[in-house]
Amino acid sequence: MYFTFAKNLKHMELVKDEELKKDMRMIEYEYSDKGLLKIVSKEQLKKNYDKSPDVSDAVALTFFEKLYSRNNTNEDWSYDGW
């Protein structure tokens, strides 16, 4: 989700929030044993920065459904009763 978030940043305008900027700068990447790019674990980030990137996690989570939605049916979720 962070990779999708980063990819879409150029198309977005985020609120000017210092805590969000600090959190986003905390995110580090490394290569796995299989040579794949991955985000450093949250536990490691807490050790490195003495805090968790909760604000940037919340923003990045808005991209979770796009990545992992398993419900690919064409169900109509609209509701006209409101």
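Here are the numbers:
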| read-out | value |
| --- | --- |
| Residue within the range 22-41 that is under 16 Å from PRO53 (Cα atoms) and surrounded by fewer than 10 Cβ atoms within 10 Å (Cβ to Cβ) present | no |
| Members of the range 26-62 that are of a type in the set (Phe, Trp, Tyr) and touching a strand residue (DSSP E or B) at 6+ places or on another chain (Cβ under 8 Å) | TYR29, TYR31 |
| The range 52-64, residues that are among the aliphatic types (A, V, I, L, M) and touching a residue at least 40 places away in the same chain (Cβ under 8 Å) | VAL59, ALA60, LEU61 |
| Long-range neighbours under 8 Å by Cβ, at least six apart or interchain, first residue of a type in the set (S, T, N, Q) within the range 30-51, second surrounded by 10 or more Cβ atoms within 10 Å (Cβ to Cβ) and outside any loop (DSSP other than H, G, I, E, B) | SER32/LYS38; ASN48/MET26 |
| Enumeration of residues in the range 2-27 that are part of a loop (DSSP other than H, G, I, E, B) and of a type in the set (Val, Ile, Thr) | VAL15, ILE27 |
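No value in this document is a laboratory result; all are computed from the given coordinates. Please read all numbers here as calculations on a predicted model, not as lab measurements. As a convention, Cβ positions derive from the backbone with ideal geometry for all residues, glycine included, and neighbour counts pool all protein chains shown.
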